[in-house]
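The values are calculated or read from the model by the stated rules, or taken from the named source; none is laboratory data. Remember, predicted model here, so these are calculated numbers, not experimental data. Note that we place each Cβ from the backbone using ideal geometry, even for glycine, and neighbour counts take in every protein chain shown. Side chains are part of the model used for accessible areas, which takes the heavy atoms of the whole protein and leaves out ligands, DNA and RNA. Shrake-Rupley method; radii C 1.70, N 1.55, O 1.52, S 1.80 Å.
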Amino acid sequence: MADVALGELVTFSNGRSRPAAGTRYRTFGANGVIGTSGGFNAGPGSTIVGRVGSFCGTVHYSPDPCWATDNAIIATAKDGVNARYVHYLLKRLGLNRYRIGSGQPLLTHAILSGLTAPRLSRAEQDAAASVLGALDDKIEVNGRIAACGDALVRARYDESASTAASVMPIGELGDLVRRNVPPQRIGRDENYIALEHMPKRHMWLSTWTDGSGATSAKRRFAAGDVLFGKLRPAFHKVGLAFVDGVASTDILVVRPRDAARRGWLLAALASDDVVAHACAVGDGTRMPRARWQDIAAFTVPWPGDAAVRSFGGLATALARRVEAATAESAALAKLRDTLLPELIP
């Protein structure tokens, strides 16, 4: 099978800074979506490649028009080339290994255009993109399920809170877990959650890594605990753990006193009011840190035990559905990554 240069298949162009204000289109940076814009500079079916920095070489596919910042390169399929195949081809090539520079890694159009890959027919491109794309589409659906579950829990919490007749200190709903684990006692296969694994303003923690790289003490947590990012709390990183594991000491581990009140504790800690309070009273200016004693003393609406337990039933059901979707997505991603080199040599 003859090779072909990427420049014969793909047109590369740089993104641009300062997108127009608006919410119609997604905005991509070096490592995926970072916001929205009122305009677009990349057409539907574009692949966005991280151009500079630690995410140099990462690839993301946008089925819809989008805006790419100047930290990214836009890869557009040429006529006769399957656009989604281009995404998987660039993913297959592992672009990060072709970066130049050490202090500030960089990819250029010349580097990308000069890379080669086996020449596949359009039928072969379509077949590979169809199989791999179907897996990613289901992963995307599962992501939307999680987002809808998050939005529903927040909406129901706000609704119940608006009619609450009293308040309750957060410290009466949950306790801080203080069990630290030295690095030599962390198993290589243990689940590890750091701040970078916690999405912003999203209460389901569906991403983690293994503990093989742990070089400092971590905080033990269990499935069902609520994790609160105490470093720079304005990033609003609060979520429910689906697995047992260890967490960065930049994360507070909060365990519910009553499992039936877990949902209320989760929604309260993830609320805008609690995060705003943590920001207001945190220590430090450049790298502020929230303190548990300040969060524990903060009072949140209390609609009564019966209402809280009913809310907890809803939150638990949604958490189980999201957890199942998360596990399915992990299995689908593993299958996709196994098939990728088979379908795109």
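Consider only pairs whose beta carbons are under 9 Å apart and that are at least six residues apart or on different chains; among these, list those whose first residue lies in segment 34-49 and is touching a residue at least 60 places away in the same chain (Cβ under 8 Å) and whose second residue is assigned to a loop (DSSP other than H, G, I, E, B) and not hydroxyl-bearing (Ser, Thr, Tyr).
These pairs meet every condition: 49/30; 49/56; 49/57; 49/107.
For residue 254, state whether it is open to solvent by less than 20 Å² (accessible area, probe 1.4 Å), within 28 Å of residue 218 (Cα to Cα) and in contact with a strand residue (DSSP E or B) (Cβ under 8 Å, 6 or more places away or on another chain).
yes
Among the residues of segment 134-186 satisfying the criterion of being in contact with a helix residue (DSSP H, G or I) (Cβ under 6 Å, 6 or more places away or on another chain) and in a loop (DSSP other than H, G, I, E, B), which is nearest to residue 274 (Cα to Cα)?
173
Mind checking which residues of segment 75-97 are more than 25 Å from the chain's Cα centre (by Cα) and either among the aromatic types (Phe, Trp, Tyr) or more than 9 Å from residue 47 (Cβ to Cβ) (or both)?
78, 79, 80, 81, 82, listed by residue number.
Which one is nearest to residue 305 (Cα to Cα), of the residues in segment 218-251 that are open to solvent by less than 10 Å² (accessible area, probe 1.4 Å) and out of contact with any helix residue (DSSP H, G or I) (no Cβ under 7 Å at 6 or more places or on another chain)?
225
Look through segment 103-129, keep the residues that are free of Cβ contacts under 8 Å to residues at least 60 places away in the same chain and assigned to a helix (DSSP H, G or I), and return whichever of them is most open to solvent (accessible area, probe 1.4 Å).
122
Kindly list, by first and then second residue, each pair from a residue in segment 78-102 that is among the β-branched types (Val, Ile, Thr) to a residue that is buried (at least 19 other Cβ atoms within 10 Å of the Cβ) and part of a helix (DSSP H, G or I), limited to pairs with Cβ atoms under 9 Å and residues at least 6 apart or on different chains.
Short answer, once both residue conditions are applied: 81/125; 86/6; 86/125; 86/129.
Output the number of the condition that residue 307 fails; it satisfies all remaining conditions of (1) aliphatic (A, V, I, L, M); (2) surrounded by 14 or more Cβ atoms within 10 Å (Cβ to Cβ); (3) part of a loop (DSSP other than H, G, I, E, B).
Going through the list (1) aliphatic (A, V, I, L, M); (2) surrounded by 14 or more Cβ atoms within 10 Å (Cβ to Cβ); (3) part of a loop (DSSP other than H, G, I, E, B), residue 307 breaks only (3).
Would you list the strands (runs of 3 or more DSSP E) that sit entirely within segment 1-73 and hold 1 or more residues that are modelled with pLDDT of 90 or more, in contact with a Cys (Cβ under 6 Å, 6 or more places away or on another chain) and buried (at least 20 other Cβ atoms within 10 Å of the Cβ)?
25-29, 46-50
State which residue is farthest from residue 200 (Cα to Cα) when the search covers only segment 144-168 and only residues that are open to solvent by less than 40 Å² (accessible area, probe 1.4 Å) and either touching a strand residue (DSSP E or B) at 6+ places or on another chain (Cβ under 8 Å) or of a type in the set (Gly, Ala, Ser) (or both).
The selected residue is 164.
Of the residues 86, 81, which is of a type outside the set (Asp, Glu), in a loop (DSSP other than H, G, I, E, B) and open to solvent by less than 60 Å² (accessible area, probe 1.4 Å)?
81
Yes or no: residue 275 aliphatic (A, V, I, L, M), modelled with pLDDT of 95 or more, touching a Pro at 6+ places or on another chain (Cβ under 7 Å) and buried (at least 22 other Cβ atoms within 10 Å of the Cβ)?
Judged against the criteria, residue 275 is a match.
Determine the pairs where a residue that is among the small types (Gly, Ala, Ser), located within segment 135-163, has a partner that is outside any helix (DSSP H, G or I) and crowded, with 19+ Cβ neighbours inside 10 Å with Cβ atoms under 6 Å apart, the partner being 6 or more residues away or on another chain.
Sorted first by the residue in segment 135-163, then by its partner, the pairs are 146/204; 160/303; 161/301.
Would you say residue 320 is open to solvent by 30 Å² or more (accessible area, probe 1.4 Å), closer than 16 Å to residue 222 by Cα and free of Cβ contacts under 8 Å to residues at least 24 places away in the same chain?
yes
Quick check on segment 169-182: of everything there that is more than 10 Å from residue 299 (Cα to Cα) and not aliphatic (A, V, I, L, M), which residue is least open to solvent (accessible area, probe 1.4 Å)?
Residue satisfying both the conditions and the ranking: 174.
Look through segment 187-206, keep the residues that are more than 15 Å from residue 251 (Cα to Cα) and without any contact (Cβ under 8 Å) to a residue 40 or more places away in the chain, and return whichever of them is surrounded by the most Cβ atoms within 10 Å (Cβ to Cβ).
187
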